[in-house]
Amino acid sequence: MVDFTLNGKPVSVSVPEDMPLLWVVRDVLGMTGTKFGCGIAQCGACTVHLDDEPARSCVTPIGDVAGRSVTTIEAIGETPAGKAVQDAWLKLEVVQCGYCQSGQIMSAAALVASNPRPSDADIDDAMSGNICRCGTYVRIRSAIKVAAAGTVR
């Protein structure tokens, strides 16, 4: 059994300790907002927060999560930064196909929570592991700035 906190609630799962967190969240617990992209931590589609830090769930063994806190896209809107980012995403119509967006939002929310005035370099650094095949990077950058500035209404 692996015990951890998922979106603020305690959970226990009986799975092999080397099973990736992504598959536990999606297949065992039925929370499908976190996406599989590459399986090697290169695209960012599987990004979740592990103890409030972005983590690639496709390469994070569930055994490493024991006793820790995981936040997925399903609950990020309950945090001030997550809510601001989601509102900015909608206001600026960031999404095109949408597949990468849960990972993009998770990385952006972590940045906004830790840096209320991110520079372009800060945004580039925080978002560098998130690939958008549709190329919405300009809208993503704008939404992060709007969310960080608190100007979403």
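No value in this document is a laboratory result; all are computed from the given coordinates. On a predicted model such as this, the values are computed, not experimentally measured, just so you know. Note that we place each Cβ from the backbone using ideal geometry, even for glycine, and neighbour counts take in every protein chain shown.
Per DSSP helix of 4 or more residues, -39500 (n - 2.57); summed, then divided by the residues of the chain. What does that give at 222 nm, rounded to the nearest 500?
About -10000 deg cm²/dmol.
Using amide H atoms built 1.01 Å from N in the peptide plane, name the residues 5+ places from ASN7, or on other chains, whose amide H lies under 5 Å from its own.
Placed amide hydrogens put VAL70, THR71, THR72 under 5 Å from ASN7.
Take the Cα atoms of region 17-79, find their three principal axes, and give me the spread along each one in whole Å, biggest first.
Largest first, region 17-79 extends 28, 25, 22 Å along its Cα principal axes.
Quick one: of the DSSP bridges fully inside the chain, what percent are antiparallel, nearest 5?
Antiparallel bridges make up about 85 percent of those DSSP assigns within the chain.
Can you run the Rg to Rh ratio on the chain? Use alpha carbon positions and the Kirkwood inverse-distance Rh.
Numbers: Rg = 14.9 Å, Rh = 15.4 Å.
Over the Cα atoms of the chain, Rg/Rh equals 0.97.
List the lysines whose alpha-carbon lies under 17 Å from that of LYS83, not counting same-chain residues fewer than 8 positions away?
Those lysines meeting the cut-off are LYS91, LYS145.
So how far apart, in nm, are the two label points at GLU93 and ALA149 if each is 7 Å from Cα heading toward Cβ?
Label-label distance for GLU93 and ALA149, simple model: 2.0 nm.
Along Cα→Cβ, 7 Å out, is where each label goes; now give me the distance between the ones at ALA41 and VAL138 in nm to one decimal.
3.3
Given labels modelled 7 Å from the Cα in the Cβ direction, how far is it in nm from THR5 to VAL28?
Taking the simple label geometry, THR5 and VAL28 are separated by 1.9 nm.
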